[in-house]
Structures are given as structure tokens and as C-alpha cells.
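Report on one structure; see the data block that follows.
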């Protein structure tokens, strides 16, 4: 026997792990599950391991102190050899992990893997998703910059809406009365100890159950899951057309895992690390905070919910969503597994994907936010001033100076919170324009107190010129009649 | 074989051992829970709020709104810049002030003051407030949070120390105003309508 073999035997006599490991590696899986569709779980685990390694490396330099975190990140980016690369790997790793976990979840759901007997595997998977999101949020906090600072404020504002316990939850979350040193320290503890510890435990359970219960068989339309018969059917399937997991199926997992790691590294090299953005100094108020990619949909949703709906939606929404996900295997624990026979499931996934995708896309350019510098920075297109009277030009000035431009665009420049005003004169008559300017309404502030009569006149005179050439401005037919009557009958 | 109903000596010791560990765990749990919730209990025991000076009255011109900063009264050694807190100070006239929190009443983003249009605007979701802090438009359900203030020996002093959030007890202390401008506007709208229909009006009138 070779020396290596002898050393191996010496260890195994004491550890006694060789045979259980061989048993796990060679456990039979249904042949058709050796598919490229079954690689996302192992890919998520691979990225998680990458996050563990890069996270430990970052902790060698990072200082979890509100006064020094930002500077230590700058040191990582600029001073420490390849610090930027490790930060970029960790940042892109987190994006990939959230994405892969979601893809894995969708695949598992569409393949009916949440049904009997894998209910608990699914439920633990739901908690793994929540922990992944928890890691993503707490990781964003550790990148202690302006986005992190104001992001915590958003988190605190949401938490404070919980009835009765709200204020206590906020202080527990912040570790004090304001976002400060204690806040960063506790998010560090969550991100580095608490959530990863739970993740490791839950991933262990998740994998254990995959091995004990067997990987979900490829869903065949018409092969219906019944509690009474499923286990025997599955065992026959693995006995009849089973193949050992190693090497029959694992090579695809290995290839995909390598490909994902390569993709993370490529993104890290090409795009570099995330931030940090500005120093976390609350007195710098010229800040436009935005959450990281995976929470942009929530940022968008918070803008579109009607004010009265917001608190109930924020507090009840997540509870209902999580409860639904946890209860799902009990609501549909049996029956068809194949997506071909589950149109509602497919439509639900599509609907959720479209909603999340649309909100994320919108949050990319935030049409609901005023452009804070549009009034002073964006020019009034020449065509709107050509041949204008002095009064109309004065109106254009009022339009800019009173920050109307922050919410209304002209010639595609300016805010998008309110409607574009390029052809507003076609939509509103003179009286309607005056009323809208002075009284506001429909999500526009009232300017009555901040515009003098002369300013209003000039502004409305300018707005009345905003109509396409050859299209007459709107006018109140009744008013013409009244004016004509009053002149003909003095 | 021992009877099922009888308790062996070792069985008894095991049970005593479990009870003993339970007692120790309970005794240890008390300080752990107190430590964990200290940021909550501190608020109800001593409170985080205290009076902090913002500056002399003369530093705030009448009829204007200025940015002021103060150091949060509760400080930890590792807080760094985060304890420097900004706020908007509006001096109405004389010693009559309004001091607004920087945090939008929607989700806490920093609102900016635009003196030309007399509006506070939030960069996050487009919340807007009038000069008196009342809600103008957007997702906020209420007006800006206001700090209680007093003028003492010529200094503007505010009661501060907690992050104002929609659910905080201080938020209700800071008052919840209905939109104010709409009421006044309706009264003045008719006069403005008649004025502006006279097209000979001179542009560049006074800012009311």
C-alpha cells in the first residue's frame, strides 16, 4: 500500500468518514435530473462559499466603526494591493447570489419540487432566501457611505410604522436614538456572525434533506404526486433508471459553478467595486440616496403606493408574502408537478417577474423624483422662446426660477414627476392653467402663496405658448361668448 | 429491571442537573436581555432628548429658512460624523421660529429647501412641503417633523436627540399638520383669476 493510502487509512480509522461520504456521493439519482436545469442550487452554494472567503479577507482590513469604516473602504480600494478586487468580488458575488437564489427558487417551484415529501426543504429554502436578502441589506449598510446612511433611515422609517412596538424596534435596530456608531456595529455583528451562522446551519439542513429525500425527479406531465404512493414510485425510479450522483450528474454542477465564479470575477474586473459613495456625513444634504440593485423594486413600490396604503402594505405585505411561501407546499402538496400542466403557477411567476422587473427598471431612473438642479441647469429650448413677447419670456424665467422645471420637462429635459409641458396649452385653457398653478392638486403643490399676480400672469402667458405648431391651444368656448356679449352690450 | 415508576439515583441527578442548568440560564438571560435592549430601555428611563443650541437669533434672518447643524446630545466614541445633525430653521418674525427635521416624513431622506418656490423637496420619492412644513404633495402622509424650540438668552435652542420617524413618539409631539396652503389659496384664487385676465399686468411682481 502506498504511503498516501496508509495515511488515508490512519485518518479514516479515527474519523470514519470515508464510507458515509462515498455513500452520499454515489447515491443514485434519476437519470434525467442530470440536467442543466438542476445546477442552480449548487451554484448558489458556490457563490456563498466565495462570499465567506472574500468576506473574511475584507475583514482583515475593514474597520466596523462609524468614524473609520468609510476610510478603511477607501484604503481597500486604493492602498491595499488588490483590495479593490476582493471588494469587487464580494460586491458582485452578492448580486450573483441574490440572482441565483431567485432563479433556483423559480426553477424549483416550476418543477414542482416543493410538493410532497420535500415541503420542509422548500420552507428552509424560503428562510435561506430571507437570510440572503438580510445579508444583502446588512452588507449595503457595512459599505458605510451616504446610501448606507440614508438607507438605514428608510429602514428605520419603515420599522417605526409597526403599531405600539415601532419606536422600540427602531431603537433596537439603530442601537441608540440615531443612526450612528452602534448602528454600524450591530449590522456588522448581523452580517458577519448572526446571519452567516444561521445560513450555514440552514444550508446544512437543506442539503441533508436533498440527500435523504433524493433530488426532485424530472416532472413529467401526467405523473401525479400522491402522498400514499410517491415514495415507492420515486424509489423504483431511482432503482430502475438511477445513476450515481458522482460522476453522472455532478460534472454539470462543477462546470456551471466554475462558469459562475468566472462571471463574478469578470464583472469584478470589468466594473470594479461598488462605492463607497460620499462620506456618511448627515450634514451633506446634497445626497440622492438609492438602495442596491436587489432592493430597487421596493424603492419604486414605495413611490407608487398611495399614501394611505403604504403603512398597511409595508407591514402586512411581507407577512402575507412569507406566509404564502411557507404555506405553499401545504396548499399544493400533491398533484401535477410539470409546469406544462400548471398554467396558474407559470402565470404567477411571470406576473411577479414582470412587476419586479418593471419596478426595478423604473427605480433605475426614478421618474418620481424631482430633478433638484433642473431649474438652474436645464436650458429652455430655443423653439419655445422664438418670437416670444417680453411677457412670455418673463414667464419662462418664472417657470425656471420657481423650480417648475424640477418636476416638469420641456424638450425632454427636466423632472418627470409631473407631466411634460411641451404641449400643455393644448390640454389646459388659460383659466385651467391659472387654477392649476395657484391651487395645485393632482400631486402638484399649490403655488398661490409663492407667486404674485404679475408672476402668475407671465407664467401662464408662457405656458399658453406651449403647443405644437399648427395645433391651436385649448380655449374655453363659453368664455369667448361671455367676453363677446360683454363687449357688444356695454 | 427497575420499575418504570421508580426514579433511579442517576435519573434523579440528571433531572436535578437539567433544572440547575435551567436556573443558571435564566439568571444569565436577565443581564443578556437587559444588555440587548439597553438602547430601548435607555429611551424610557433617562430619555435621549435634551435641549441643544442652534445659534444666536440674529444668525437667522427674519422671513428666511436656513440650514443649521447641531451635535446630537447622545454621543458614543465611535460615532464620527454621524452625530452632526442638520435641520432647517425658519424664522417667521421676532422670536417666532419653526425648526424642521431634515428627514422627510415619508422615509427619512434629506429634504432640501428651495426659497424661490417656497418648497421643501425630497430627492427620494418626490415628497414636497410648503414653507411652514405642511405637506404639499407626494407620498408623505403628514408635514415635516418639527423640533420643539425656545429662545433663551438670545440663543435658539431645540429639544432633539432622536431620529424623527413616522412612528416615533416624538413625531406626534412634533405635531401633524393638515395641508395649510389649500385653504388660503381657495380664498385668493378668484381675485387672482380676475387680475391675470387683464393681460396688461406687469411681470415680476412681489413675492408674497
>> Looking at residue A:300 and the list (1) in a loop (DSSP other than H, G, I, E, B); (2) under 25 Å from residue A:362 (Cα atoms), which single condition is not satisfied?
In response: (1)
> Pairs under 8 Å by beta carbon, first residue buried (at least 18 other Cβ atoms within 10 Å of the Cβ) in the range A:126-143, partner outside any helix (DSSP H, G or I), six or more apart or different chains?
Replying inline: A:136/A:292; A:140/A:291; A:140/A:292; A:142/A:62; A:142/A:64; A:143/A:274; A:143/A:275; A:143/A:276
> Consider residue A:79 against the criteria (1) more than 24 Å from residue A:295 (Cα to Cα); (2) touching a helix residue (DSSP H, G or I) at 6+ places or on another chain (Cβ under 7 Å): it satisfies all of them except one. Which criterion is unmet?
Replying inline: (2)
> What number of residues in the range A:443-466 are surrounded by fewer than 21 Cβ atoms within 10 Å (Cβ to Cβ), in contact with a helix residue (DSSP H, G or I) (Cβ under 8 Å, 6 or more places away or on another chain) and either at pLDDT below 90 or within 21 Å of residue B:129 (Cα to Cα) (or both)?
Replying inline: 2
> Filter the range A:247-296 for residues that are assigned to a loop (DSSP other than H, G, I, E, B) and more than 14 Å from chain B (Cβ to nearest Cβ); which is farthest from residue A:140 (Cα to Cα)?
Replying inline: A:249
>> Let me confirm something: among A:249, A:243, which residue is under 30 Å from residue A:341 (Cα atoms), at pLDDT below 95 and crowded, with 18+ Cβ neighbours inside 10 Å?
In response: A:249
>> Could you check the range B:89-110 and list, in sequence order, the residues that are in a strand (DSSP E or B) and surrounded by fewer than 24 Cβ atoms within 10 Å (Cβ to Cβ)?
In response: B:89, B:90, B:91, B:92, B:93, B:96, B:97, B:98
>> Among the residues in the range A:128-144, are any outside any loop (DSSP other than H, G, I, E, B), within 14 Å of chain B (Cβ to nearest Cβ) and at pLDDT below 95?
In response: no
> Among the residues of the range B:111-129, which ones are facing chain A (nearest Cβ under 7 Å) and either assigned to a loop (DSSP other than H, G, I, E, B) or touching a helix residue (DSSP H, G or I) at 6+ places or on another chain (Cβ under 7 Å) (or both)?
Replying inline: B:116, B:117, B:118, B:121, B:123, B:124, B:125, B:126
> When only residues in the range A:433-463 that are farther than 23 Å from residue A:370 by Cα and either in a loop (DSSP other than H, G, I, E, B) or in contact (Cβ under 8 Å) with a residue 40 or more places away in the chain (or both) count, which is farthest from the other protein chains (Cβ to nearest Cβ)?
Replying inline: A:461
> Just one of A:392, A:400 is in contact (Cβ under 8 Å) with a residue 40 or more places away in the chain and not in a loop (DSSP other than H, G, I, E, B); which is it?
Replying inline: A:392
>> Among the residues of the range A:155-166, are any in a helix (DSSP H, G or I), within 14 Å of chain B (Cβ to nearest Cβ) and over 19 Å from the mean Cα position of the chain (by Cα)?
In response: yes
> residue A:425 passes all but one of (1) touching a residue at least 40 places away in the same chain (Cβ under 8 Å); (2) more than 9 Å from chain B (Cβ to nearest Cβ); (3) surrounded by fewer than 20 Cβ atoms within 10 Å (Cβ to Cβ); which number fails?
Replying inline: (3)
> Being in contact with a strand residue (DSSP E or B) (Cβ under 8 Å, 6 or more places away or on another chain) and either in a strand (DSSP E or B) or modelled with pLDDT of 95 or more (or both), is that true of even one residue in the range B:10-32?
Replying inline: no
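The values are calculated or read from the model by the stated rules, or taken from the named source; none is laboratory data. This one's a predicted model, so the numbers in the text were calculated from it and none came from an experiment. Note: ideal-geometry Cβ built from the backbone for every residue, glycine included; neighbour counts use all protein chains shown.
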